[in-house]
Amino acid sequence: MRCLIPTILALMASAAPGMFGQTPTFEAAAIHEVVHPLRVLRGFTISGTRVSLEGYDADWLIAEAFGLKDYQVVASSIPDATRGKYYAIDARVSGSATPTRAGVRLMLQSLLAERFHLTFHRENRSIPVYALVVDKNGPTLKPGTGDADCASLIGPVNPTDRSYRYRFTNCTLDPLVATLQADRPILNQTGLTGRYDILITATPEFKMQNTSEPGDIRFLDAVRQLGLRLNPQNSPVEVVVVEHFDAPTPN
C-alpha cells in the first residue's frame, strides 16, 4: 500500500482543472452593462482563447452557466433593478487551447459566484409540461442511414411563406425536441432512441396566454406527422433556485 501513495499523489497533482472540487476560472474577465437598444441577445462566441457573451440578463447567464433551459431557473429572489439589466462579458482563458462550451460554462459558474455573488440550491419541482409520446397507431419515423453526424435545416417553405420546414437528417429525437416551442417545456417520453430522418412543416398559430389553449400551438398538430403527440401533464423537473444575485463588482 505504501508504494501506491506517491503514485496517487502524482495523479492528483496532474489532474485536470475541475477535478477534486477545483472549478476552473477565466484568466481574465471584463463585465459591462449593455445599454439599449440591444444589438444582440444571447450572443455566445469562442475565438481561440477568447470568450464573449453579449446581451445576457441574470436569468440567461445562470441558464448558460449550468446548461439549463430557461424554465429551470427560478430567479424570483433577484432584485427588479438587477433583473432588468443586460450584460456583456469579454473573457480570456489561460493557455493556448480553445475551450469547449462545457469548459466555458464551468468558468462562468466561477465568475457568477465571484463577481455576481451568486448562491443557489437545486430542487425538483412539479411543473406543467408537454410529454412527447408515441401516438396510438405507432411512430412513422424514417430510420436514418449511415454513420454521418446529425444535420439540421430549418427555414420557411417559401421565402414569403408563414409555414416553416424542419428537417433533421440521421438524428435522434433530441434536436427536434430542443427545437419545439410551446407555452410550457416539452419532454421526450417516447422511449425512442434510434436515429431518424425527420421532416415536418408547421405554421405558427398564436393564442391568448390567458386561455386554456397553448400560447403557440404550431407543433401540437405537426408532431402527429411523425406518429407522435404532445400530452399536457405535470412532471417533476430539476430547477436551480437562486438565493442571491448582485450587480457585478467593478472590473
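Here, each number is a calculation from the coordinates, and none is a lab measurement. Because the structure is predicted, anything quoted here is derived from the model rather than measured. We place every Cβ from the backbone using ideal geometry, glycine too, and count neighbours over all the protein chains shown.
Here are some notes:
- Maximal additional length on extending the ARG167-ALA148 stretch stands at 5.3 nm, based on 0.36 nm per residue less the C-alpha distance.
- Fewest-first sequence of SER47, SER235 by Cβ atoms within 10 Å of each Cβ: SER47, SER235
- Residues of type aspartates and glutamates that LYS85 reaches as a straight line, Cα spacing below 15 Å, ignoring anything fewer than 8 places off in the same chain: GLU33, GLU54, ASP57, ASP59, ASP246
- Cα→Cβ-extended label distance, 7 Å offset, between GLN181 and THR140, nm: 2.6 nm
- Pairwise label distance in nanometres, VAL157 with GLU123, each label 7 Å out on the Cα-Cβ vector: 4.6 nm
- Charge dipole (debye, nearest 20) of the chain; +1 at Cβ of Lys and Arg, -1 at Cβ of Asp and Glu: 480 debye
- Solvent-free Debye scattering, log10 I(q)/I(0), computed from the Cα coordinates of segment 85-202 at q = 0.16 Å⁻¹: -1.04
- Each Cα pair under 8 Å and six or more residues apart adds its separation to the average, and for the chain the resulting relative contact order is 24 percent.
- For the chain, calculated [θ]222 nm from helices alone, where every DSSP H run of n ≥ 4 adds -39500 (n - 2.57): -5000 deg cm²/dmol
- Kirkwood analysis of the chain, using all unique Cα-Cα pairs, places the hydrodynamic radius at 21.3 Å.
- Most mobile listed residue (ALA65, ALA91, ALA151) in the chain, GNM with C-alpha springs under 10 Å: ALA151
- Simple label model, 7 Å out from Cα along Cβ direction - THR193 to VAL40, nm: 3.9 nm
- C-alpha long axis of helix 101-115 to longest principal axis of the chain, angle in °: 60 degrees
- Highest-fluctuation residue, THR98, THR23, THR160 considered, GNM on the chain with Cα pairs under 10 Å: THR160
- Cα gyration tensor category, rounded, prolate or oblate, for segment 17-123 with a/c compared to 1.5: oblate
- Cross-link reach list, aspartates and glutamates versus LYS142, counting only Cα pairs under 17 Å and skipping chain neighbours closer than eight places: ASP174, ASP197
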